[in-house]
1. From the mean inverse distance of alpha carbon pairs (Kirkwood) and the Cα radius of gyration, derive Rg over Rh for the stretch 56-127.
2. Give, in whole angstrom and from largest to smallest, the semi-axes √(5λ) of the equivalent ellipsoid of the stretch 5-129, with λ running over the eigenvalues of the Cα gyration tensor.
3. Enumerate the calculated ³J(HN,Hα) couplings along the stretch 13-19 in order (Karplus 6.51 cos²θ - 1.76 cosθ + 1.60, θ = phi - 60°), each rounded to whole Hz, writing x wherever the residue is Gly or Pro.
4. Which value, in debye to the nearest 20, describes the size of the charge dipole of the chain about its Cα centre when Lys and Arg Cβ atoms bear +1, Asp and Glu Cβ atoms bear -1, and nothing else is charged?
5. Considering the alpha-carbon set of the stretch 103-143 alone, what are its Rg and its Dmax in angstrom?
6. Would you pull out the residues with amide H under 5 Å of W55's amide H, same chain only if 5 or more places away, H placed 1.01 Å from N?
7. Among L139, L98, V70, pick out the residue whose Cα is farthest towards the positive end of the charge dipole of the chain, where Lys and Arg carry +1 and Asp and Glu carry -1 on C-beta, about the Cα centre.
8. When N is the residue count of the stretch 71-111, what does its C-alpha Rg come to as a fraction of 2.2 N^0.38 Å?
Amino acid sequence: MAARITRSTKHSGVRFEWRGTFANTELNELHSECFQHPLTDDDWWSRLNTFSLGWICMRMSKRLVGFVNVAWDGGVHAFLLDTMITTDLRRRGYATALVEEAVKHARALRCEWLHVDFEPHLRDFYYGACKFKATDAGLIRLR
């Protein structure tokens, strides 16, 4: 598994951390804000270290302001999950930069495919800014 990598970006004061450290409380707070649900007490650290290829923590100063999870099948397929940018930083290119970081790391770790599912209002973001291609896919709601 790839080591933690930190780098600065063209966005002033922002740092991306591949497999960066985080507190469960800060990720739960960001998830609650971004997906508009009550605050939970999920153990993100254990879950991600068990099931993910990696993740990107985006920090401004020391504050977690963005996050994306890169899950995988253990082979050549990676899956983008839980793309999050704090409300006050949206529509400034940060989410695109976050996804670009995820793509770069998945590619470097020899994944051949990066999949993403999203709600209709995010179509322009993923197909436009992030350059994903439309494909046929299937989905069964289990609950």
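1. Values: Rg = 12.5 Å, Rh = 12.8 Å.
The Rg/Rh ratio comes out at 0.98.
2. Numbers: eigenvalues 77, 61, 51 Å².
So the three semi-axes of the stretch 5-129 are 20, 17, 16 Å.
3. Karplus values, whole Hz, x for Gly and Pro: x, 9, 10, 9, 10, 6, 6.
4. Numbers: 20 positive and 17 negative charges, 125 e Å.
Charge dipole of the chain: 600 debye, to the nearest 20.
5. My reading of the Cα-based Rg and Dmax gives 12.4, 35 Å.
6. R19, G20, V70
7. L98
8. Details: Rg = 12.0 Å, N = 41, 2.2 N^0.38 = 9.0 Å.
Ratio of Cα Rg to 2.2 N^0.38 Å: 1.33.
Throughout, read-outs are computed from the coordinates displayed, never taken from laboratory work. Just so it is clear, the structure is predicted and the values come from calculations on it, not from any experiment. As a convention, Cβ positions derive from the backbone with ideal geometry for all residues, glycine included, and neighbour counts pool all protein chains shown.
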